[in-house]
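A quick write-up on the structure given underneath.
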């Protein structure tokens, strides 16, 4: 089942390619949150509401599956490899997992305030500032997080994981999306 994201599309048979494609979607929805954050002090418009709803839905529903794909499927298989490149990458993998935990409260804050903005049509000045700050922090973290995964971890996995490991990751990713 291919997923089309921008001009590139990978199938579950290429799990690291598909994970990288998902990063383009994360970047797109972060861009939406950043655009909304710039206008959060103004009354909501239909366009802002639709964009914010789609971004909140993505981060609530699809992003956790991507995180699970990494933490429950890809990273454990990399850790099992007895390879010097992977051992060097362990520090990066540990930091990536810490990023996921660090981002969780920011996602919750953005979800809470974004939902309030959608229902009330506005936020208080302090709530607007918290929304902007949370989006800014989340965006900065994801820029580096995605860079490390796309440039270091995913190429390493593509190079070192065997066909069976890649097939197992693909199957696990597929199962997550079937639920």
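None of the figures in this text is laboratory data; all of them are computed from the coordinates on show. Note that this is a predicted model, so its numbers are computed, not measured.
Assuming a viscosity of 0.692 mPa s and a temperature of 37 °C, what translational diffusion coefficient in µm² per second does Stokes-Einstein assign to region 81-173, Rh being the Kirkwood radius over Cα pairs?
208 µm²/s
Would you mind estimating how fast region 7-97 diffuses translationally, via Stokes-Einstein at 37 °C and 0.692 mPa s with the Kirkwood radius over Cα pairs, in µm²/s?
214 µm²/s
Could you tell me how many degrees, from 0 to 90 and to the nearest 10, lie between the Cα long axis of helix 15-39 and the main elongation axis, the longest principal axis, of the Cα atoms of the chain?
Its long axis makes an angle of about 10 degrees.
Can you tell me the relative contact order of region 3-178? Whole percent, Cα pairs under 8 Å, sequence separation 6 or more.
About 37 percent, as a whole number.
Taking the radius of gyration and the Kirkwood hydrodynamic radius from Cα positions alone, what is the Rg/Rh ratio for the chain, to two decimal places?
1.02
With contacts defined as alpha carbon pairs under 8 Å and 6 or more residues apart, what's the relative contact order of region 78-179 in percent?
Over region 78-179, the number comes to 33 percent.
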